[in-house]
Amino acid sequence: MRKRQESPRLVVMDHGHHQRDTPHAHHHDHAGEGHAHGETDEAGLAEILDLDGEVLHAYLDDVVGWVAGATGPDVQRVVDLGAGTGTGTLALARRFPAAQVVAVDASATMLSRLSAAATDADLGDRVRTVCADLDAGWPGLADLDLAWAALSLHHVADPGRLLGQVHDALRPGGLLAVTEMTSASRFLPDDLGVGRPGLELRCHAALDAQPAPFDRYPDWDEALERAGFVTVERRTFSVTPPQPEPATARYARSYLSRLRPRLADDLAADDLATLDLLLDDTSPHGLLRRGDLRVQGSRTGWLARRV
Ligand SMILES: C[S@@+](CC[C@H](N)C(=O)[O-])C[C@H]1O[C@@H](n2cnc3c(N)ncnc32)[C@H](O)[C@@H]1O
């Protein structure tokens, strides 16, 4: 039986959302576009995860730097849980040059992309992939210095159980870093020069009104504590790039094109028509031709220690 640690927590900030347990693992992307149904959707999710890493690399550096400030440089055994295409895995391997990083994901499609990216980045000798469904059990890793779960913990059926398994797989003093979105990312100006102003907010409101099998914006404070962790720190990070990123338009297009089918029944006809114009590469209003896109959003990070 797991014993709850009585050590004091240093939890900063307030956060309004609560996690919900979910009966199954769901493959959705953090951009909120819904569930994967087969390989095409997985390929689409993989594409958006890669673009996420490309456009938000400054954010990723901030988070990894924050984690490294707490671990110190001597990090050797790292696991990336729900690693996706590996933007976190590779950032961690770069940041901790003595580390072996194990990337765990239930999707072989994601992991084959991850392995190729690791090889391309000359990190193949320090990155290993493990294809495993975390709902089915812990993949036998132990004595870890650092566990990382980016936008993945809310996917698993029983996050509390997984947190307990991670806790036990860390060495005493080892750290878990979790990140989640705090709200849907934004790309569009309020006035697009076409259609009614405020389209993006209406898209997000429609999405938020739909039933979801998990909390897209979870709060892990209590679950971390229940699993025996001491929460070292919680921090909110802006994802807005410090300067324009060339891939922003492709990122917005990938995001909104995955959103479009989910909103077909919930948006007014004029809003759907505007969305279609944005997604039309031949339209002068098309996302790929616009110069007014800007990524805005934030993510929450938790750093929790096994004592
Ligand atoms: C939103 S993606 C995040 C990927 C990556 N951490 C990132 O930040 O780019 C969530 C990932 O968790 C994986 N995943 C979801 N449920 C899982 C489970 N039960 N076991 C293992 N991986 C899972 C998905 O396949 C997907 O790659």
ASP265 and ALA70 label points (each 7 Å along its Cα→Cβ direction) are spaced in nm at 4.1 nm
Expressed to one decimal in nm², the mean projection of the alpha carbon convex hull of region 61-143 is 5.3 nm²
Quick numbers on the chain, Rg and Dmax over C-alpha atoms in Å, give 19.4, 62
The set of residues whose placed amide H lies less than 5 Å from the amide H of ARG128, leaving out same-chain residues fewer than 5 positions away, is VAL101, VAL102, ALA103
Per the rule of 0.36 nm per residue minus the C-alpha distance, extending ASP215 to ASP143 adds in nm 22.9 nm
Rg (one decimal) and Dmax (whole number) from the Cα set of region 55-96, in Å, equal 10.1, 29
Ranked by GNM mean-square fluctuation in the chain (Cα springs under 10 Å), the top entry among PRO218, PRO241, PRO284 is PRO284
note: region 78-200, Cα-Cα separations exceeding 21 Å make up a percent value of 44 percent
Phi angles of region 76-91, converted by Karplus (6.51 cos²θ - 1.76 cosθ + 1.60, θ = phi - 60°) into ³J(HN,Hα) in whole Hz with x for Gly and Pro, give 10, 10, 10, 10, 10, 8, x, 6, x, 7, x, 4, x, 3, 5, 4
The correct pair for region 133-268, radius of gyration to one decimal and Dmax as a whole number, both in Å and from Cα atoms, is 18.7, 57
Residue-ordered couplings for region 126-141, obtained by feeding phi - 60° into the Karplus form 6.51 cos²θ - 1.76 cosθ + 1.60 and rounding to whole Hz (Gly and Pro as x), are 10, 10, 10, 10, 10, 8, 8, 8, 5, 6, 8, x, 7, x, x, 8
Between the Cα axis of helix 57-71 and the main Cα principal axis of the chain, the angle (0 to 90°, nearest 10) is 20 degrees
Between the Cα axis of helix 39-55 and the main Cα principal axis of the chain, the angle (0 to 90°, nearest 10) is 80 degrees
In whole µm²/s, the translational diffusion coefficient that Stokes-Einstein assigns to region 216-267, given a Kirkwood hydrodynamic radius over C-alpha pairs, 20 °C and 1.002 mPa s, equals 143 µm²/s
Between SER283 and residues 5 or more places away or on another chain, the pairs with built amide H atoms under 5 Å apart involve none
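Can you give me the relative contact order of the chain as a percent, contacts being Cα pairs under 8 Å and 6 or more apart? Don't skip to the answer; put the middle values down first.
On the way: 571 pairs, mean separation 79.4, N = 307.
For the chain, the relative contact order is 26 percent.
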If one builds a Gaussian network model of the chain from Cα atoms under 10 Å apart, the most fluctuating residue listed among LEU144, LEU293, LEU224 is LEU293
Listed residues ALA157, ALA99, ALA264; largest mean-square fluctuation, Gaussian network over the chain with Cα springs below 10 Å, found at ALA264
In whole angstrom, the spacing between the Cα centers of region 190-254 and region 80-159 equals 22 Å
Mean Cβ-within-10 Å packing, highest first, puts peptides 162-170, 106-114, 269-277, 207-215 in the order 162-170, 106-114, 269-277, 207-215
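A short reminder: the numbers here are calculations on the coordinates, not readings from a lab. Since the structure is predicted, the reported quantities are computational estimates derived from the model, not experimental observations. Because the Cβ atoms are built from the backbone with ideal geometry, glycine has one as well, and the counts that use them run over all protein chains shown.
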